[in-house]
Amino acid sequence: VDDMRGFASASARVLEAGGYEVEVAGDGIEALEILRAAPPGGFDVLLTDLDMPRMGGIDLIIEAKRAGLVRRYLAMTADPTQGIRQTLEVMGVPLIEKPFDGAALSALVAVNV
C-alpha cells in the first residue's frame, strides 16, 4: 500500500518475481476495501507506507488487526521518527526505510510470511 504508484508497482514487481501474489492499493481506505473483499485468510502479509492521504499506515494496520484481515504486518516510510519507531515496535510491526532495494524488500517479506 503506497500512494506513490510507481514505487508501489516497482515493489510489487520485486515481490511477484519472488513468487508472491500481490495486490496494490494507493491508500489505507483502498487497501481495507481489498482486504475485506478477500476470502478469510486471503492475505498473509500487509506491507504499507505510513504517510498517505485519506488513511495512513498506522490506522490501516490498527483497522486490519482489529478485523483480523491479515496475519503479518510490515511498514515502510522515508522518514521514521523515534515516535513512529516506538509505536511500530509496541505493535510488533517491522519497519523498512525508504529507499530500499529489491533484495532488502524480498528478505523482509520472506522472514515475515
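The number of residues in the range 83-113 being part of a strand (DSSP E or B) and open to solvent by 60 Å² or more (accessible area, probe 1.4 Å) comes to 1. Considering only residues in the range 21-33 that are of a type outside the set (A, V, I, L, M, F, W, C) and more than 12 Å from the chain's Cα centre (by Cα), the one that is surrounded by the most Cβ atoms within 10 Å (Cβ to Cβ) turns out to be Glu30. For the range 31-78, the tally of residues that are of a type in the set (Lys, Arg), modelled with pLDDT of 95 or more and under 22 Å from Met4 (Cβ atoms) stands at 0. Residues in the range 34-51 that are open to solvent by less than 20 Å² (accessible area, probe 1.4 Å) and in contact (Cβ under 8 Å) with a residue 40 or more places away in the chain were compared, and the one that is nearest to the chain's Cα centre (by Cα) is Thr48. In the set (1) of a type outside the set (Ser, Thr, Tyr); (2) buried (at least 19 other Cβ atoms within 10 Å of the Cβ); (3) touching a residue at least 60 places away in the same chain (Cβ under 8 Å); (4) not in a strand (DSSP E or B), the condition left unmet by Met76 is number (4).
The values are calculated or read from the model by the stated rules, or taken from the named source; none is laboratory data. Computed from a predicted structure; not experimentally measured. Quick reminder, even Gly has a Cβ in these numbers, built from the backbone with ideal geometry, and neighbours come from all protein chains shown. Accessible surface is based on the protein model in full, side chains and every heavy atom, while ligands, DNA and RNA are left aside. Shrake-Rupley method; radii C 1.70, N 1.55, O 1.52, S 1.80 Å.
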